[in-house]
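S.K.: Handing you a structure now.
Just so you know, all these numbers are worked out from the coordinates, no wet-lab data involved. As the structure is a computational prediction, the values presented were derived from the model and not from experiment. For neighbour counting, all protein chains shown are included, and Cβ atoms are generated from backbone atoms with ideal geometry for every residue, glycine included.
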Amino acid sequence: MSKKHIVFIINPKSGVERQKEIKQAIDAHLDDHKYSHEIWRTEYAKHGTALASEAAQKGAYAVVAVGGDGSVNDVVRGLMGTGTLLGIIPKGSGNGMARTMRIPLDTAEAIKLINKENAGDMDVAFANGEPFISNAGVAFDALISKKFAKSERRGLMVYSWLVTKYMWLYKERDFKITVDGKEHKSRAFMINVANGQQFGYNFKIAPMADYNDGILDVIIIRSFPKILGGALVARAMTGTIAKSPFVKHLTGKEITISNPLLKLMQTDGDAHECVNEIKFTIQKGAQKVLVP
């Protein structure tokens, strides 16, 4: 019986030692009776999409994104509609979608999960037609994504410092939010459209979100006294942010967010320029993914 082929896609910028550790873990824990495998390395931004598409066209059983939400996003873009499974080895900073899916953060355990061949459905969301897997935002979180991307250091401490610093400086804006045809207006500190539950680091912006229910969760953090910022963070870490009096939770399949001055947004932690009106949609069960 021929073996199923798996392609692992890794970013060389992760460092030689990390690449060596991942290769050793794959050799030690991937079931070589069932699978053959290759490790492909990205060479430029978004290269993971082209590599994933190529692997699928060559008949790969699965393509495994080795990285964070941005790496998973790249791979999903190349896999959608192909029938090739998505696997994840969480090696990013926050690993929000892997945490949402309960995929082990330990490399060896994540590889052992692949051996189990348990495939589930994952919804894919879109912002003006561009796919995202975890969440997208148009206000404070977009600013933090931009600052975090420019930081030479990564990790929870840097992320927390940026949140604390810019929370006091950030000016709320008035937004028009339309959810399945119903219009809402809000002066918002942050608006997040979620398919997954968290940004990463167990910071649960949408703890009620389900990545395979065909529904988008909209979390609106309204203008609040900045002195209470710590309390909001504590709620996010304990999964109770939606219970805050400053938070509004909406659900829908088609969401439009607009503001005349809107120029920056984030999708899966990647900050980029945008137009002043963004339409969000969701495609239920768009990608098969290996999960516990």
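S.K.: Just want to confirm a number: the relative contact order over region 118-214, from Cα pairs under 8 angstrom separated by 6+ residues, in percent. Before the final figure, lay out each step's value.
M.R.: Working: 113 pairs, mean separation 32.1, N = 97.
Relative contact order, region 118-214: 33 percent.
S.K.: Starting from region 5-56, pick out the chymotrypsin sites (Phe, Trp or Tyr not before Pro) whose DSSP state is loop and whose Cβ has at most 11 other Cβ atoms within 10 Å. Provide the component values of the computation, followed by the final result.
M.R.: Details: sites: Phe8, Tyr35, Trp40, Tyr44; in loops: Tyr44.
Those satisfying the criteria are Tyr44.
S.K.: Do any chymotrypsin sites (Phe, Trp or Tyr not before Pro) in region 84-162 lie in a DSSP loop with no more than 12 other beta carbon atoms within 10 Å, and if so, which? List each step's numbers first, then the result.
M.R.: Details: sites: Phe126, Phe132, Phe140, Phe148, Tyr159, Trp161; in loops: none.
Hits after loop and neighbour filter: nothing returned.
S.K.: Using modelled amide H (1.01 Å from N, peptide plane; none on Pro or chain starts), what sits under 5 Å from the amide H of Phe189, excluding residues fewer than 5 places away?
M.R.: It is Ile221, Arg222, Ser223, by chain and number.
S.K.: Moving on. For region 130-284, what's the relative contact order in percent, using C-alpha pairs closer than 8 Å and at least 6 residues apart?
M.R.: Working: 316 pairs, mean separation 45.2, N = 155.
After rounding, I find 29 percent.
S.K.: Please state the shape class of region 4-117: rounded when a/c is under 1.5, otherwise prolate if a/b exceeds b/c and oblate if not, all from the C-alpha gyration tensor.
M.R.: Details: a/c = 1.24, a/b = 1.04, b/c = 1.19.
It is rounded, given that a/c, with a ≥ b ≥ c, falls under 1.5.
S.K.: Let me ask you something else. Farthest toward the dipole's positive end in the chain, which of Ala28, Gly120, Gly92, given Cβ charges of +1 (Lys, Arg) and -1 (Asp, Glu) about the Cα centre?
M.R.: Farthest towards the positive end: Gly92.
S.K.: Let me ask another. Give the angle, between 0 and 90 degrees and rounded to the nearest 10, that separates the Cα long axis of helix 229-238 from the longest principal axis of the Cα atoms of the chain.
M.R.: Helix 229-238 sits at roughly 40 degrees to that axis.
S.K.: Ok, one more. In which sequence would His33, His249 go, from the one with the fewest C-beta neighbours within 10 Å to the one with the most? Write out the running numbers ahead of the final one.
M.R.: Values: His33 8, His249 17.
Ordered by Cβ neighbours within 10 Å, fewest first: His33, His249.
S.K.: Sequence gap at least 6, Cα distance under 8 Å: using those rules, report the relative contact order of the chain to the nearest whole percent. Let's see the in-between values first.
M.R.: On the way: 662 pairs, mean separation 61.7, N = 292.
It comes to 21 percent, rounded to a whole number.
S.K.: What order do you get for Thr164, Thr82, Thr100 when you list them from fewest to most C-beta neighbours inside 10 Å? Each step should come with its number before you reach the end.
M.R.: On the way: Thr164 12, Thr82 17, Thr100 25.
Neighbour counts put them in this order, fewest first: Thr164, Thr82, Thr100.
S.K.: What trypsin sites (Lys or Arg not before Pro) in region 1-100 are in a loop by DSSP, with at most 16 other Cβ atoms within 10 Å of the Cβ? Walk me through the numbers before you get to the answer.
M.R.: Working: sites: Lys3, Lys4, Lys13, Arg18, Lys20, Lys23, Lys34, Arg41, Lys46, Lys58, Arg77, Lys91, Arg99; in loops: Lys3, Lys34, Lys46, Lys58, Lys91.
When the trypsin sites (Lys or Arg not before Pro) of region 1-100 are filtered for loop state and at most 16 Cβ neighbours within 10 Å, Lys3, Lys34, Lys46, Lys58 remain.
S.K.: With loop defined by DSSP as not H, G, I, E or B, and exposure as at most 16 other Cβ atoms within 10 Å, which is the longest segment of the chain clear of exposed GluC sites (Glu not before Pro)? Don't jump to the answer; show the numbers that get you there.
M.R.: Numbers: sites that count: Glu43, Glu117, Glu152, Glu172, Glu254.
Looking at the chain, 173-253 is the longest stretch - no exposed GluC sites (Glu not before Pro) with at most 16 other Cβ atoms within 10 Å.
S.K.: Can you give me the angle between helix 16-29 and the longest principal axis of the chain, using Cα atoms only, in degrees from 0 to 90, rounded to the nearest 10?
M.R.: 60
S.K.: Roughly how big is region 1-137's charge dipole about its Cα centre, with Cβ charges of +1 (Lys, Arg) and -1 (Asp, Glu), in debye to the nearest 20? Before the final figure, lay out each step's value.
M.R.: On the way: 16 positive and 16 negative charges, 29 e Å.
With Lys and Arg at +1 and Asp and Glu at -1, about 140 debye.
S.K.: If you don't mind, there's one more thing I want to ask. Just checking my list (1) 23.2, 76; (2) 19.0, 64; (3) 19.3, 56 against Rg and Dmax of the Cα atoms in Å computed from this structure; which label fits?
M.R.: Only one listed value fits the structure, namely (2).
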